[in-house]
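Here is the structure we will look at, set down as structure tokens.
What follows is calculated from the coordinates using simple rules that are stated; it is not laboratory data. Since the structure is predicted, the reported quantities are computational estimates derived from the model, not experimental observations. Reconstructed Cβ throughout: ideal geometry from the backbone, glycine too, with neighbour counts over all protein chains shown.
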Amino acid sequence: MLGVFILHLFLMMTKYFLIVTIIFLSLHVAFGQVRLTSNVDFGENNASDGAYLMSAFGGAYQMDDYLLGGIVQLKMIGKQASLVSVLKFNALKEIELRDIPLSLNAYLMFNRATSSIRETNFGISISNRSRGHFKYVLGSNFRTYAINYSALDKSAADYEQLRIHENFGLIYNISGYIKPLDHKWNIGASITNIDYFLINQATNPLYNAQFLYSLNSKVKLRFESWFKQAGIFNINAHYFGYFFRGGITWQL
Amino acid sequence: MATLKLLILGALVLLITNSCNIFEMKGFVTTHVGVEERFDQSMEWNAEHGYAEISMPNNEYSIIAMGDSHLGGTENIKLFLNHAQDDEVAAAVMVGDLTTGNKEDIEILWNELPSKDSVNYFAIAGNHDLYFDGWPHFYEKFGSSSYYFIVNTPSNNDLFICLDTGGGTLGKSQIAWFSQILEDMRSDFRYCVVLTHNNLFRFRPTTSTNPMVEELHVLLDLFIKHEVDVVVNAHDHKRGEKVFGNTNFIIMDALQDINKNASFLKMNIDASSISSDYIDL
């Protein structure tokens, strides 16, 4: 049974990895630079009801100053509602403001959340393109919680409101690294409310430590350790959870 | 230079507020008594004392609730407790940040409270009640911060669940307990109301924090699956109300004396619905 389960997981992961790879390989053959990404997350928190294991596959396509990307997060082990947990698209435009190299970023994220609830999150931000020791991101996000129609016991028209919006939230990331950002290896740390797949409220910052290593000019490895505390801005901080992430990025 | 001056000013403000018993710097990093330990103690208290059942003679009754009284000042809490003695009021729930966490202020609150024979009052700890190691004093006076009580009328029974979110998270054990309560008991009751200090949604930009998004997903899922009718929060100090599916989410004003817009919440419960009003002070 365990062997069948592991085989099933492997086949599902392979299927999504192949789909993403084929899409971006096609773009690469046709036009410009393509980057493929794969992550594995393992962690646990107060709300996860045990440990979870998630994998993610994504790609980004860059042409001149523009970048378009997408990433899908899949549930491997855990209480998430469905196999496809999160789908995220992002776009980036490199700009210069008074000779300062910056990036203008936008993302759109769909989170399956639970069998009854889904979340849509849209955000725009600006970040530096420095090759120094620090990276900053600052922006705003718009969150919508919605009830899945399948969870309703009456017709949707009988409900006053099936969505709640939280608008103009603050998103941020402050990261510091011991080496310049383009160094072969690096160790860094961040305070942020942004993760690839979850955007927290501005008053719930997350901490992470990163180890980055470039195998060669095309392949980069990353290992991240995330720590989550609740209630920091209640000035009554409590443990909430942690997760570890291992990832690889391959520039074609 | 300007940045350095701002940093120094900020540090001085923090130092002064800390030394004036408003909050502790260590709260940004840790807490005196964590949510799991508080929950264990609450369950011990519940096992020893049981869960309250209030019988009302009529099918229509009221529940009043307040939050953020932040005692010291007692003017508004006195007005609230006066209303609590009205005949149609089944219970008065104090939804956190009742004091500053200092033992003296908990004693001030305790001295204002009427006897349990005249008012069925219930208290939930908020983040401020936990400052300066306030939990032992809160627990000594009020006992559990995670519990439910039941109101019985001639025709129906209603369930009121009080949850401890003073630390910004329910914690694993309390989430599991809450889920089990809803699973086992919800279907036996007409209405289900959840009261907890920390507001779940951000209806406006504010520095007050909320449970983490992952926890919010789980709670919203529970509210939908088990048809929770009303969720009453405090913490944000400013009223707000939104309906989401079956559930009406209400945030109360701060009852604190210095608040010009102080009010408390009155929920009117009858056969057809739960309606609520903010009673301005």
Next item on the list: Quick one: check the C-alpha center-to-center distance for segment A:103-157 versus segment B:203-279, whole angstrom.
Entry: 23 Å
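Give me the one-decimal Kirkwood hydrodynamic radius in Å for chain A, with the sum taken over alpha-carbon pairs.
Values: mean 1/r = 0.0507 Å⁻¹.
About 19.7 Å for chain A.
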Margin query: Please list, by residue number, every one of the trypsin sites (Lys or Arg not before Pro) in segment B:237-281 that is coil in DSSP and has at most 12 other beta-carbon atoms within 10 Å.
Written below: B:Lys260
Margin query: Restricting to lysines 8 or more places apart or on different chains, can you count the pairs in segment A:149-252 with Cα atoms under 26 Å from each other?
Written below: 6
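Provide the three semi-axes, in whole Å and in decreasing order, of the ellipsoid equivalent to segment B:155-219 as defined by the square roots of 5 times the Cα gyration tensor eigenvalues.
Working: eigenvalues 121, 40, 18 Å².
Equivalent ellipsoid semi-axes, largest first: 25, 14, 9 Å.
Once whole DSSP H runs in chain B are found, which of them have Cα atoms spread over 15 Å or more along the helix axis and a mean Kyte-Doolittle score of at least -1.0?
Working: long enough: B:2-19 (25 Å, 1.86); B:35-49 (20 Å, -1.55); B:171-185 (21 Å, -0.10); B:213-225 (18 Å, 1.02).
Correct list, ordered by number: B:2-19, B:171-185, B:213-225.
Give the percent of DSSP beta bridges with both residues in chain B that are antiparallel, rounded to the nearest 5.
Numbers: 23 of 49 bridges.
Beta bridges within chain B, antiparallel portion: roughly 45 percent.
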Next item on the list: Over segment B:146-189, consider all pairs of different Cα atoms and compute the Kirkwood hydrodynamic radius from their mean reciprocal separation; express it in Å, one decimal.
Entry: 11.5 Å
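Residues of B:159-168, mean number of Cβ from any other protein chain within 10 Å of their own Cβ, rounded to a whole number?
Values: counts 0, 0, 0, 0, 0, 0, 4, 4, 9, 13.
Per residue, the number of nearby Cβ atoms from other chains is 3 on average.
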Notebook entry, point to check: Starting at 0 and stepping by 10 Å, how many percent of the alpha carbon pairs of segment B:74-214 end up in each bin?
Noted result: 10, 36, 37, 16, 1
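How many lysine pairs are close in chain B, with Cα atoms under 18 Å apart and the two 8 or more places apart or on different chains? List each step's numbers first, then the result.
Details: B:Lys78/B:Lys116; B:Lys78/B:Lys260; B:Lys78/B:Lys266; B:Lys103/B:Lys141; B:Lys116/B:Lys141; B:Lys238/B:Lys260; B:Lys238/B:Lys266; B:Lys242/B:Lys266.
Taking chain B as the scope, the lysine pair count is 8.
FRET efficiency for A:Tyr66 and B:Asn58, Cβ-Cβ distance as r, R0 = 56 Å, nearest 0.05? Could the numbers behind the result be given before it?
Details: r = 68 Å, r/R0 = 1.21.
It comes to 0.25.
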Checklist line | Most to least packed among A:163-171, B:89-97 [average Cβ atoms within 10 Å] | finding: B:89-97, A:163-171
Notebook entry, point to check: When all C-alpha to C-alpha distances in segment B:125-281 are sorted into bins of 10 Å, what percent of pairs does each bin hold, rounded to whole numbers?
Noted result: 10, 38, 39, 13, 0
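Please express the shape of segment B:111-194 as an equivalent ellipsoid: the semi-axes are the square roots of 5 times the eigenvalues of the C-alpha gyration tensor, given largest first in whole angstrom.
On the way: eigenvalues 124, 78, 13 Å².
Value: 25, 20, 8 Å, ordered largest first.
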Notebook entry, point to check: Taking every residue in A:154-167, how many Cβ atoms of other protein chains lie within 10 Å of its Cβ, on average?
Noted result: 3
Margin query: Among B:224-236, A:118-130, A:207-219, B:121-133, how do they line up by average Cβ neighbours within 10 Å per residue, starting with the highest?
Written below: B:121-133, B:224-236, A:118-130, A:207-219
Margin query: Can you report the principal axis dimensions of segment A:104-252 using only the alpha carbons, biggest first, rounded to whole angstrom?
Written below: 58, 43, 27
Item checked: Those trypsin sites (Lys or Arg not before Pro) in segment B:49-144 that DSSP places in a loop and that have at most 11 other beta carbons within 10 Å -> B:Lys116
Notebook entry, point to check: Ranked from highest to lowest mean number of other Cβ atoms within 10 Å per residue, what is the order of the peptides B:174-183, B:65-74?
Noted result: B:65-74, B:174-183
Notebook entry, point to check: Rounded, prolate or oblate: which fits segment B:33-105 when a ≥ b ≥ c are the square roots of the eigenvalues of the alpha-carbon gyration tensor, with rounded for a/c under 1.5 and prolate only if a/b beats b/c?
Noted result: oblate
Next item on the list: Quick one: give the max-minus-min coordinate of the C-alpha atoms of chain B along each principal axis, largest first, in Å.
Entry: 69, 39, 37
Next item on the list: Would you please calculate the Kirkwood hydrodynamic radius of the protein assembly as shown over all C-alpha pairs and express it in Å, rounded to one decimal?
Entry: 25.1 Å
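Full-extension gain between A:Trp185 and A:Trp250, please, as 0.36 nm times their residue separation minus the C-alpha to C-alpha distance.
On the way: separation 65, 0.36 × 65 = 23.40 nm, distance 1.57 nm.
Answer, rounded to one decimal: 21.8 nm.
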Item checked: Cα-based Rg / Dmax (Å) for segment A:59-176 -> 17.8, 57
